[in-house]
Structures are given as C-alpha cells and as structure tokens.
Amino acid sequence: MQDQPAEASAETLEDVAYEGFSHLDPTDSWLRIADLSPPGLAEFMAVTASLGLTILAVSIARRSVIDPSMAMPTWGIEAPISVKLH
C-alpha cells in the first residue's frame with residue numbers, strides 16, 4: 001500500500017465504509033502513515049474524509065513479539081504525524 005496511489009487505498013476503504021464502519025485504525029503493517037510524504041498524507045486523509053471515515057487510532061506493529069529476528073525496520077516511528085484523531 002505504501003507506494004500505491006490514493007486510488008488503491010480508496011478501493012479498500014470503500015469496502016470498509018460499505019460495511020458500515022465510520023472509524024478507522026490503519027495499522028502500519030498496511031500503511032505506514034508516519035512515512036507518507038505531506039502530499040501523500042493529505043491525499044490519504046482526503047480519501048478517508050470523502051468516504052465518511054475518521055481515524056480513531058494508529059496502531060504500530062513493527063516488531064514481532066514472538067521472534068525478535070523478524071523485527072521490521074523502526075525508521076519513521078519517531079516521526080511526528082499530523083493526523084487529527086477523533
């Protein structure tokens with residue numbers, strides 16, 4: 001998802017909205033919000049708003065609690081993100 005255009009996430013999020021959900025918790029295993037460029041973040045936020053979705057939380061799951069050797073990169077975790085949570 002990270003390098004896909006906003007239309008790709010819109011397709012997935014349309015399914016979420018269609019099923020009646022109004023809040024979203026995008027895990028960083030799906031989309032690393034903190035690593036999006038400012039225009040990319042603005043696009044993502046516009047897509048969520050256009051579908052009537054609000055971001056309730058941002059879950060971070062970058063490390064395996066089972067197998068530390070499977071740890072994913074931690075770059076970007078400290079990066080501030082400007083997402084208004086509801």
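Below is a table of values for the structure above.
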read-out	value
Residue satisfying all of: in region 33-47; buried (at least 16 other Cβ atoms within 10 Å of the Cβ) and among the aliphatic types (A, V, I, L, M); nearest to E7 (Cα to Cα) among these	V47
Within region 6-32, tally of residues that are free of Cβ contacts under 8 Å to residues at least 24 places away in the same chain and either in contact with a Lys or Arg (Cβ under 7 Å, 6 or more places away or on another chain) or open to solvent by 40 Å² or more (accessible area, probe 1.4 Å) (or both)	7
Output for region 1-30, where each listed residue is of a type in the set (A, V, I, L, M) and assigned to a loop (DSSP other than H, G, I, E, B)	M1
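The values are calculated or read from the model by the stated rules, or taken from the named source; none is laboratory data. The structure displayed is predicted, hence computed values, not measured ones. Cβ sites come from the backbone with ideal geometry, for glycine too, and all protein chains shown count toward neighbours. These area figures cover heavy atoms from the full protein model, side chains too; ligands, DNA and RNA do not enter into them. Shrake-Rupley method; radii C 1.70, N 1.55, O 1.52, S 1.80 Å.
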